[in-house]
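Notes to accompany the following structure.
Each value in this text was obtained by applying a stated rule to the coordinates, not by laboratory testing. Only a predicted model underlies this, so the values are computations on that prediction, with no experimental measurement involved. Positions of Cβ are backbone-derived with ideal geometry, glycine not excepted, and every protein chain shown enters the neighbour counts.
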């Protein structure tokens with residue numbers, strides 16, 4: 001399936017946030033991309049423009065294509081509670097995002113690759129579907145023969161990742177239990193999900 005593979009710092013600069021994770025290039029140039037980025041005058045953005053920008057920011061953050069994102073929004077719409085909060089909760093429940101949250105990969109893109117290359121197991125079975133939505137009680141673990149992979153060891157050994165309340169990590173077994181779908185207040189990303197709800201409610 002097609003996936004954005006272009007320059008990520010440029011995208012992050014467009015949104016004014018390091019949405020792909022730690023980025024030294026973004027820290028050096030945290031202004032709008034382009035030849036006249038520093039001199040660019042801030043144009044007044046319409047309400048629709050703000051809604052579209054927020055949706056695009058979340059899409060790039062979690063690495064989803066437009067159709068995937070829309071389908072997940074439709075799924076969130078059928079759950080009890082607020083649509084926007086349900087959407088973020090489902091995004092956090094994806095297998096690739098969970099692998100990233102556990103600190104097994106430095107970025108969500110790297111986490112997606114680990115899953116696609118069959119290095120990750122779910123409930124004792126190898127799973128190569130990054131978009132798999134985990135349910136409470138699911139066990140996520142590193143495949144035995146993949147525990148010595150440098151990318152995993154380096155990621156775990158780098159700056160200590162924050163541990164999240166909805167994930168119970170066992171560093172010896174290199175496995176984790178997905179305790180529950182997280183509450184919106186537990187998710188650190190700066191997202192205004194209501195703008196996304198307003199955008200999709202127009203279509």
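A few comments on the model shown:
- Residue match in the range 70-83 (condition: buried (at least 18 other Cβ atoms within 10 Å of the Cβ) and under 14 Å from the mean Cα position of the chain (by Cα)): yes
- Scanning the range 84-117 for residues that are closer than 19 Å to residue 156 by Cβ and touching a strand residue (DSSP E or B) at 6+ places or on another chain (Cβ under 7 Å) turns up 95, 98, 99, 101, 102, 104, 114.
- Residue list for the range 139-168, restricted to those being surrounded by 18 or more Cβ atoms within 10 Å (Cβ to Cβ), in a strand (DSSP E or B) and over 18 Å from the mean Cα position of the chain (by Cα): 141, 142
- Among the residues of the range 97-123, those identified as over 16 Å from residue 168 (Cα atoms) and part of a loop (DSSP other than H, G, I, E, B) are 105, 106, 107, 117, 118, 119.
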